[in-house]
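The numbers here are math on the coordinates, done by the rules we state, and not lab data. What you see is a predicted model; the values in this text were computed from it and never measured. Cβ placement follows ideal geometry from the backbone for every residue including glycine, while neighbour counts extend to all protein chains displayed.
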Amino acid sequence: MWKEKIEDEAVFEDCTFEGEIIEGQEARNVVFKSITFRQVIFKEVEFRKLDLIDVTFEGCDLSNISLEDARLHKVRFKSCRLVGIRFLEAHFNEVKFEDTNLDYAILSGSQLKEVTFDTCKMNVFSLAQCKLKKVVFKTCEMVRADLAATRLKNIDLASCDITGINIKIEDLRGLTVNSMQALEFSKLLGINIKDQDPLF
């Protein structure tokens, strides 16, 4: 159990935390740099304007914590639980989520550059009103995810399950999907598809 109170503007650098429980912490402008978190559980944590620089999370649980206005640079989440995490208006740069559960996570209003979601659960996940640049989605579950008001040019969702996804028509231009997904999106456009019997 982590017993020390984390103060505003605290800096942690060049260390590893393993098997800890970080609970009941609230602070602003905290910096974690060159850190590895391994099997760490975060409970009732609220960090505003958190800086994560060259940080790795392995097998950690950050479910339902609040990291609003966070800045993440060269961060990796591997086999983690981030269910219901709140990353409102955060900045992500060179971040990878791998085999991670992001169900119900909220990233609304965030900016993502060079971010990869690889084999992640992202059901009922919010990426609304975000700016995306070089963002990759690989074989993710995105059932009922919310991408409203997020421009999707150069985004490829063809390998993902996007059943019931919320996307605005004006944001579809430049989006890559597979043929079955295209049929679903045709409903958004008010297109009726009718198969005709061949003439010969």
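Stretch Glu98-Asp171 to full length: gain in nm at 0.36 nm per residue minus the Cα-Cα span?
Value of the extension gain: 23.7 nm.
Which entries of Lys96/Lys138; Lys33/Lys121; Lys49/Lys134; Lys134/Lys168 show an alpha-carbon separation above 18 angstrom in the structure shown?
Lys33/Lys121; Lys49/Lys134; Lys134/Lys168
Give, in nm to one decimal, the length gained when the segment between Lys43 and Ser79 is fully stretched (0.36 nm per residue of separation minus the Cα-Cα distance).
Going from the current span to full extension adds 11.2 nm.
Can you compute the FRET efficiency between Ala158 and Lys113 using 1/(1 + (r/R0)^6), with r the Cβ-Cβ distance and R0 = 25 Å? Round to the nearest 0.05.
Efficiency computed from Cβ-Cβ geometry: 0.70.
In the chain, once you exclude exposed trypsin sites (Lys or Arg not before Pro) (DSSP loop, at most 10 other Cβ within 10 angstrom), what's the longest stretch remaining?
6-172
What share of the DSSP beta bridges in the stretch 11-188 is antiparallel, in percent to the nearest 5?
The answer is about 0 percent antiparallel.
Which one of Ile65, Ile41, Thr163 is farthest out on the positive end of the charge dipole of the stretch 11-188, using unit charges on Cβ (Lys, Arg +1; Asp, Glu -1) and the Cα centre as origin?
Of the options given, the answer is Thr163.
Give the average over all directions of the projected area of the C-alpha convex hull of the stretch 1-106, one decimal, in nm².
The orientation-averaged projected area of the Cα hull of the stretch 1-106 comes to 5.4 nm².
Just to be sure I understand the curve: with the Debye formula and one point per C-alpha of the chain, what is log10 I(q)/I(0) at q = 0.14, 0.18 Å⁻¹?
These q points yield log10 I(q)/I(0) values of -0.78, -1.19.
For the modelled label position 7 Å from the Cα of Asp54 along Cα-to-Cβ, which residues of the stretch 5-25 have backbone nitrogen atoms closer than 14 Å?
Answer for this model: 12-16.
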